[in-house]
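Single-structure report; data block below.
The values are calculated or read from the model by the stated rules, or taken from the named source; none is laboratory data. No experiment lies behind these values; they were computed from the predicted model shown. For neighbour counting, all protein chains shown are included, and Cβ atoms are generated from backbone atoms with ideal geometry for every residue, glycine included.
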Amino acid sequence: MARFCEALLLLVATVALVSRGVHAWGSVKVVRTFQDIPPNYVYVQQALWFAMKEYNKASRDKFRFRALTILKSQEQVTDSLEYYIEVKIARTICKKISEDENCAFQKDPKMQKMVFCTFIVASKPWKFELTMLKKHCKDM
């Protein structure tokens, strides 16, 4: 009888999960597709800060880059908040070893460099988690 109850409980739990649309194997259910939001929105700024940190960490350039202009910012809701950001970034006068994130941009034309980047960053602010989902950059 106990074994029957366990099997019945497992069946009920499985049906409940399937009926609620739980996705397995890493598939993500989109609750709300990407929609435009203001670039000064706090979570866009946080996502951009994280994206620039990751960009600078991976870059082979000796100098830090920072955002020059945010061209587009969007938010999508899945199991996290996803931020799509199109941004122009530029080389600063600070070396990568510097912790200063507000360095001036290069003024010397020989040292100037601009890059167009598209980032998608997933944020779970309730867990203090940020994850880079996509990073695509090209020189301008």
**Complete:** Reported set for segment 65-85 where residues are buried (at least 21 other Cβ atoms within 10 Å of the Cβ) and more than 13 Å from Val121 (Cβ to Cβ) is Phe65, Arg66
**Request:** Scan segment 96-106 for residues that are loosely packed, with under 14 Cβ neighbours inside 10 Å and at pLDDT 95 or above and report the count.
**Result:** 1
**Fill in**
By residue number, the members of segment 105-140 that are more than 27 Å from Tyr43 (Cβ to Cβ) and either assigned to a strand (DSSP E or B) or touching a strand residue (DSSP E or B) at 6+ places or on another chain (Cβ under 7 Å) (or both) are Gln106, Met111, Gln112, Lys113, Asp139
**Prompt:** more than 20 Å from Ile37 (Cβ to Cβ) and of a type outside the set (D, E, K, R) - does that describe any residue in segment 74-88?
**Reply:** no
**Message:** So the check is Cβ under 8 Å with 6+ separation or different chains; which pairs have a first residue in segment 32-50 that's in contact (Cβ under 8 Å) with a residue 60 or more places away in the chain and a second one that's acidic (Asp, Glu)?
**Reply:** Tyr43/Glu75
**Asked** In segment 103-126, what residues are without any contact (Cβ under 8 Å) to a residue 40 or more places away in the chain and either of a type in the set (Ser, Thr, Tyr) or touching a Ser or Thr at 6+ places or on another chain (Cβ under 9 Å) (or both)?
**Response** Cys103, Ala104, Phe105, Thr118
**Request:** List the number of the failed condition for Pro125; all other conditions in (1) under 14 Å from the mean Cα position of the chain (by Cα); (2) modelled with pLDDT of 95 or more hold.
**Result:** (2)
**Answer residue from segment 107-123, given it is more than 15 Å from Met140 (Cα to Cα) and out of contact with any Lys or Arg (no Cβ under 6 Å at 6 or more places or on another chain) and is surrounded by the most Cβ atoms within 10 Å (Cβ to Cβ) among those** = Val121
**Request:** With the condition kept exactly as written, say whether any residue in segment 51-64 is surrounded by 17 or more Cβ atoms within 10 Å (Cβ to Cβ) and over 30 Å from Val28 (Cβ atoms).
**Result:** yes
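Conditions (1) part of a loop (DSSP other than H, G, I, E, B); (2) in contact with a helix residue (DSSP H, G or I) (Cβ under 8 Å, 6 or more places away or on another chain); (3) within 20 Å of Leu130 (Cα to Cα), marked per residue:
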residue	(1), (2), (3)
Val28	yes, no, yes
Lys57	no, no, yes
Thr69	no, no, no
Arg91	no, no, no
**Request:** Working carefully through the options Ala16, Ala24, find the one that is loosely packed, with under 11 Cβ neighbours inside 10 Å, aliphatic (A, V, I, L, M), modelled with pLDDT under 95 and part of a loop (DSSP other than H, G, I, E, B).
**Result:** Ala24
